[in-house]
Structure formats: structure tokens, C-alpha cells
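Presented below is the structure to which this report refers.
No value in this document is a laboratory result; all are computed from the given coordinates. Computed from a predicted model, the values in this text were never measured in an experiment. We place every Cβ from the backbone using ideal geometry, glycine too, and count neighbours over all the protein chains shown.
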Amino acid sequence: MFALRSTPLAPPVRGLAGALVLAGVLAPVTVDAAEIQRTRFELPVANGHTALLVDLQQKRATQLREHLFAAEEPLLDAQGEEVWDGSQFAAAYTRDLLYDAYFGVRAPDSQFWLTSAPVDLDASGYVGWKDGERGGTGIVEMVQTSGDLEATSYFFTPKALEHVGFVMVMRVRNTGGQTLSGVQGFSIANFHLGFGRANAPWDVGMDIGDNGETLSWDPQSSEYVERGFAGVVVARPLAPVAHHASTPGADPWGIVDGGAKVDLPDNTPPMNAVDGTVGAYQFDLGDLAPGEAQWVGVAFARHADPFQEETASGWLDAAVGGKGAKAMVDAEIAAWADFQASVVVPDGASADEERLVRHSAAMLKMGQVQEETTYLREWLSQDGEVRRTRFPGPDNNPVELPATVKHHGKGAILASMPPGNWTYAWIRDGAYATVAMAVLGMKKESRDALSFYLEAEAGRFKDWSELAAYNMPDYQISLVRYYGFGVEETDFNDFGPNLEFDGFGLFLWALNAYERETGDESLSQTYWPVISGRIADVLVALIEPETGLIRPDSSIWETHWKGRERHFAYTSLTAARGLCDAADIAARFGDADKAALYAEKAEELRDAIAMNLTDDSGMIASTYEELVSGKGYYDAAVWDAVSMGLFDPAGTIAAGTMAGLDSHLQVAAGPGWSRNDDRFDHQNAEDLSPWGSDYDSAEWVITDLRGSIAARMIGANDRADALIDWVRDQALANYLMVAETFDENDGTYKFNTPMLGFGAGAYSLALVHRAGGFGADDPACGAYYDEGGGGTTTGGETTGGETTDSAGTTDAGTTAATTGDSGATTGSLTITDGVANSTNTEGAGLSAGTSGGDDPSGCACTTGEGDAPWAWLLLVAPFVGRGRRRRA
């Protein structure tokens, strides 16, 4: 049925040949390790309603976003149709409301803003969730010292404040041996509440205008209220106020920056609107004895309606109550400690690994949308620019703006936190994050994420001309990502939209993982008609009769359309895994017919992958089209063929895939891989992947960590550990934030940080797998694909052929590999899994690549122009049959 290949699939390797191949894949190799460097200093915190960004280099808070996500909804014209702006569908993008906020101090000799004082970058970072720890909370601390005066600034978005706002607190401590007299503290916060709004997701972090702002002062409460086009902000001091000042009647910034011990003048703001109004506080800390500390701070809440200061003040009443500055910090730490009490840390985790896992859980928590309603003005970015919405009010009735609307955003997990650009909910990133939440004990959060996908608005691209030939059925999972209000969205370039089919399988994988990990089957019981009819059945409909693969799409690396769609292996791999999981869910639900159908189609997909997406060595190719061309088909995304349990870790496909990726994609800076060979496979000519860029040649954390799982399943434990250690050590140096990518030349963080599903979630899953948890013994559809065609296995016995269990050993009298215990060493990564007593580094599965060298591109990855020197060993055995190998 699927015999389209001109050459047959390579066979499994057995006996001496098999031992030699596995020895080659697992043999010890030394790779020069790049020095770990701290290169990221912007730390986000969030409460699910907003995100605050703290920049340790600029020594201040620099952004307060009105939503966690980048875009609210598509813009509508007067007829209710979505607006095309010439390159994409126009959207209402999230605004950054804060120019900056920071503290100042008066020491015995002078006063100054802390933006002029050095930051102790080692002492700063995320506050520990308990004494003696680092990280695990959504609180950033910034430690600065001037003489004997130590000032520690704390920034956070309180979990108790379920709205837009933040708290800034300063602890001032005398670290010397003499009393410090007349110490003062200052705070300033410059909000921008004027006209403006980003026109693209890349611009969300840019400041809007500060025109037409009014500031009022309440002498009874010492609260400042600032209002403008973009809403109202209430500022509440958390300590007694000694003095205050505001522009334009005074220059509070200049007074403190001037250095002389001059108090703020207590001026009253004008009643009329002005441009760029700013308020500041002064706190009298008195005399500080040696070791004594005093705390001051300010809490802020924002409402999008400029005239709802009473509502915003009420939010502060609920979140702050009568707590002072120190009590607010203590309460927030306690709230995070309560969260951490339920986090399940994988067995065997070291102290550093536990630290990163716990902080990864905190990042996943912060990166999940909690809002369900929001207030929308009748104007978009300035007075007179009409805004429209199709979302109803909280009572589900239509509304006319201005109004509060109810949307579908709650539960969505962003791909990244700010300052990363990917503050959208991608289903792909979200699936890895959702599974990570389930295995970390975050049951409610994982369930909320799945509920989001089941309730969000999708199926919007069904009738697009790009999909006309596919006869696309109604579908529930976005073909790319979502606007913040829970509406399916895609992006465009000169080659049209991205349209991706891997989300269907990934959702089913995540749902089954959640149900198996938690025992909660209520979602599938409630939503089975949607899960079956609009998700699993869609995959069945998308199977192409000619190849047996999922029809061409844009897939994981988002290649767009107009002739750039391909039969991507990743899409078919995730579809096969997802259909296996759908079969499990159907069986539990009692739908035997669907269970049988999904299992059958999953097997056919695996069969087609083995027949039409593997080369003569067993290497799984990136796309069918590139495989047919004979070159340029190396893609680290195919690691999930092994890590998701589709193919036998001890088989030819796993070995061939590891060998191929190592010989073509290995980077020199660390133990991982470029995501694919698309940047260099075409030699500046138009070929089957002409879109290549430095995004492709970068080392990707998601493929490193999925590759770590696959390597462990194959038996390369030290290789697996080296990958985990590399990601961990990088994150420890960069304030526990996991990167999207590493630079292939020097190993530094590259592109977006911090990543959630592709970062924090993937890291957690790798550690859980290492501990024998989720995925460690989970062949798809209950069995690995049988590459031997030699019968079936039950209970570890065989009726022909070899029995392969999930540990990668065979019953033919040999063990696939003998594992050693050494791992990464300072200055180099030594991978020593493999046959006993082997120290030869020639012919190893791990290629050190080139570091500049003869490659004029300067790429630190291998060129892809040749095979591993031992790859011929993969061709020495009989041709492979097809079938399944059951779990022993």
C-alpha cells in the first residue's frame, strides 16, 4: 500500500553487526564544552493577569503588561469582518503600561537613585520559596550596596491580586559597625497611560504614549491616582510617607539625582491633564543601628476604565489589607511555599536539579492565563478610533463597548514569558507544558490547560483555499496558536500562512498523559464527542492514501505554505502517538469501534513512517520530499519517534536516527544538535528547504531534552545526562530561566527566554523520565514497531525474532550496551556510555562538528556533507519486515 520508496528500509542489526552498530552509537566521545555564561538579565514575574519585567542591568522594572498574552483578539470592521492590514490579520495587541519603576536612598552623605548603584548579580535573582533556597517563586530581588548601606528591591505581581498590578518593596539594611543616621527611602514609578498600541507582536514591549495624563493626591491615604486613555492606576504606599512630589510642579527625579540631601516638596498635582506626569514617595527610615533593617514599598493596581479608581482601590484592599511592606513580601513567599508543597520533584534529583524543577514549575504557573473577563473601551488606541468585539458580557449577552467581556483565555499556557516574543499560546508548546504540569503534581493547572483547548474557538481555517484539496473536516485544535481571548490564530509571510497538523496528535498525547497520571477521566467523559469527532477523527481524515502519511503541512518549524508545505515526519509521528492515545481514551470511554479504528490508523501511520520516511540506515528524515531528493533531510524534531515510544530504542531506526543526527547536526559548543540542516543544506540555492536561517542552525533546548529522553531509552545514559546537565547549568547561570536556543558557536543563550513548554516543561519531563516516571515504559499502542518481522512477544518470550523490552536489552544473550558512570567534566563533555573498556573516539555516534574551520559559514554544526565514519555498519543485515513489538 505504501511502497513508494525506491530503496527498502534498512534492516535491524543483529549479532556482531548489531553490537558494532550500537557500540558506534554509544561509544565514548569528548566534545569541547563552551564556557557557561550569564547573558540574560531581564526577569519576568506574573500572576496570570499581567506580567512585570525586571531588568537587573537597567536596575529597574521596565514593563507592566495589561495582559499576560501578546494579543487580545482580531480587529473587526463595521460589518463584523476581520481586518486584513496588508500582511496579516490585524489584532488588538497588549499594551505596556510602565516606562520604569525603582527606588532611591539617602545615605549619611548623599542621596541617589538605585539605578546609579551597582547590582550584585550573584545575590540577585528569584527569591527562594524557603530559607536557604533560590527560586521557586515569582518574586525578583535586586541587591545593591553603597558603603555600609545595602538596599534590596523586591518586585512581584501578587497572587492575591487577580488583576493588573504589582508590588515594589525595598529593604534597607545597615551592614556596617556604626549607626547610620537620617536614612531615607524614595520610590518613583513612571506609568504611560496615553495613546498608542502595538501594531505587531514584536512591538508589545514598546512604551505607549504618556499624553493626556492626570494625577491626583489623596492626603488622607497618601495614594496617588493616575489616569489616562489606557486606564487608571492607584498607588498605595506600604509604609508611612514622609514626603511626596509629582511633575509638572516639581522634579522628583532631579531632586534625588542631584545628590544633595533635599526632601521632596509635597506639591499638589494640577487638576488638568498633562503629558508625562509622574509621582514619587519619600520614606523616613530614621537611624539604622548595625544590622538593623527597615522596609518600605508601594502597591499598584490598574483598571482599564479610566474612571474606575474606586474599583482598583478595592482590589488593593483585598490583596493588601493592612499589611506593610515586609508583610507583603512574606505573604507572597508563603503563597509560593504553599504552591511548592504540592510540586512532585522527580526521584533522584540533585539539589540543583530540584531547584530548577521547582522554578520550572513556578514558571509554568506564572505563564498560564488566569483571566476570564476584561474591560474594553470603545476606542482602540486613541480617541475616535472605533473598537469592536464579538465577545459577550459576563451574562453571555451581546455588549456594546465600553463594557466588560467574557472570553475563552483562561488556562492557556504561553510559549514564553516576556521578554521573549512568543507570548502566545501555541498548542505544540502547550502540550509539553501540560504534560509536565501533570507529572509535577500540578493537576488543576494541567486540567485547566486541556479545558482551554477544548473550549477555545477553532476551526476557523477549515474553508481556506490552502486547505481546499484536503476536504478539511471541522476541527477543535488550532492549526497554529491562539489570540489571548482564546481564538485560533496563524501568522503570515510572503509564502502565506502557517497551517500545522501536529497539534491534534499532541493534544491527544497530553490528554491521555493527564488522565493516566491523575486518574481524572472527567474531561474525556464530558468532551468525548469533541475529542473523537473534532480531534482524533481529523487525524484519520488527514492521512494521505498515496503515502500513508499525514498530508503536507507547515509543522513544528513553521515553514508556511505556497509550495513550502511538506510531508513532515514530526507531524506524522505526533499523529501516530496521538491516535494511540486516542485509542486508549476511547477504550476507557467504552467506544470500542473508535478504539479499534484509532489503533489501526496509528499502526498504519507507523508503518508508513518506517517505509517512506527512513533512509537506508534507518534514519528518520525530516520530510518525505527531502528523503526522495537524497539529501538535506536531517531534523532533530524526529527524536520524538523514540521518546514518544513509537520505535524500538534498541532497533535500527533509533540507532540510525541517532547516528544521522550526530553526524549532521551536532554542534561544537555543547552536547546537543542544531534543530535541522536547513540553513546549510542548499548552498544558497533554491531547494526543498530554502527557508533556512540561523534559527535552524541554533542548538534547540526542546530537541536536546527530547533527545536526552531518546538517548536514555537507547542506552546512552551518559549522553542523556550530559544533555540534561548542559541545560541545567545554563539555566542556573541565567537565573533559572530555560532558553529557547543556544548559540551553536559559543553556547550562549540565543533568541527567546524564558521558554515554558519548550523549556521549563521539557526539562521537567526529561528528569521525570530519568527517574522512571512518565514515558519511561510507554510504547505507543502498547508496543514498539517491530523492525524484525519475526513474530510477536508476550511476557518476554518470543516465537521467532528477538524480544525487545523498554530497557533496550535483547534475549539473544547480549546486552545492547554497558553503561559507565562518568559524565560532564569542566571544560569538556565526556560521554562514556558504550561497550566495556572502549576508549576509542573514532567512529562515535557523537561528532564534535566544526568550529568555524573549513566551513565558510562559521557554523558550529557539522556540514551534513558526509556520513558518520561507521555508518556503513547499518547496512549489513537483511531487509526489515513490519509489525509490532510488544512491551515485555
Coil-residue GluC sites (Glu not before Pro) of region 61-107, DSSP, other Cβ within 10 Å capped at 13: GLU81
Sorted by average packing, counted as other Cβ atoms within 10 angstrom per residue and highest first, what order do 342-348, 126-132 take? 126-132, 342-348
R0 of 30 Å, Cβ-Cβ distance ASP777-GLU455: FRET efficiency to nearest 0.05: 0.35
Would region 479-541 count as rounded, prolate or oblate if I go by the C-alpha gyration tensor, calling it rounded below 1.5 in a/c and otherwise prolate when a/b exceeds b/c, oblate otherwise? prolate
Assuming R0 = 35 Å, what is the FRET efficiency of GLU600 and ALA123, from their Cβ-Cβ distance, to the nearest 0.05? 0.05
Determine the gain in length on full extension of the stretch ASP729-VAL344; use 0.36 nm per residue of separation and subtract their C-alpha separation, reporting nm with one decimal. 136.5 nm
Say each of LYS443 and ASP85 gets a label point 7 Å from the Cα, pointing the same way as Cα to Cβ; how far apart are those two points in nm? 4.4 nm
Can you pick out the pairs among LYS159/LYS750; LYS365/LYS444; LYS59/LYS261; LYS130/LYS326; LYS326/LYS444; LYS130/LYS410 whose Cα atoms lie more than 19 Å from each other? LYS159/LYS750; LYS59/LYS261; LYS326/LYS444; LYS130/LYS410
Please work out the Cα center distance from region 375-442 to region 209-264, rounded to the nearest Å. 32 Å
Stretched fully, the stretch from THR179 through ALA351 gains (0.36 nm per residue minus C-alpha distance, one decimal, in nm) 58.0 nm
Which net charge results for the neighbourhood of TRP639, defined as the other residues with beta-carbon distances under 10 angstrom from its beta-carbon, given Lys and Arg at +1 and Asp and Glu at -1? -2
Between rounded, prolate and oblate, where does region 371-463 land on the alpha carbon gyration tensor, with a ≥ b ≥ c its root eigenvalues, rounded for a/c under 1.5, else prolate if a/b exceeds b/c? prolate
Measuring from centroid to centroid over Cα atoms, what is the spacing of region 101-145 and region 472-534 in Å? 42 Å
When a/c reaches 1.5 or more, the comparison of a/b and b/c decides; with that in mind, is region 356-406 rounded, prolate or oblate per its Cα gyration tensor? oblate
How many nm is it between the label spots at GLN220 and THR373, if each spot is 7 Å from the Cα in line with the beta carbon? 2.8 nm
Which FRET efficiency, nearest 0.05, do LYS261 and ALA587 yield, Cβ-Cβ r, R0 60 Å? 0.20
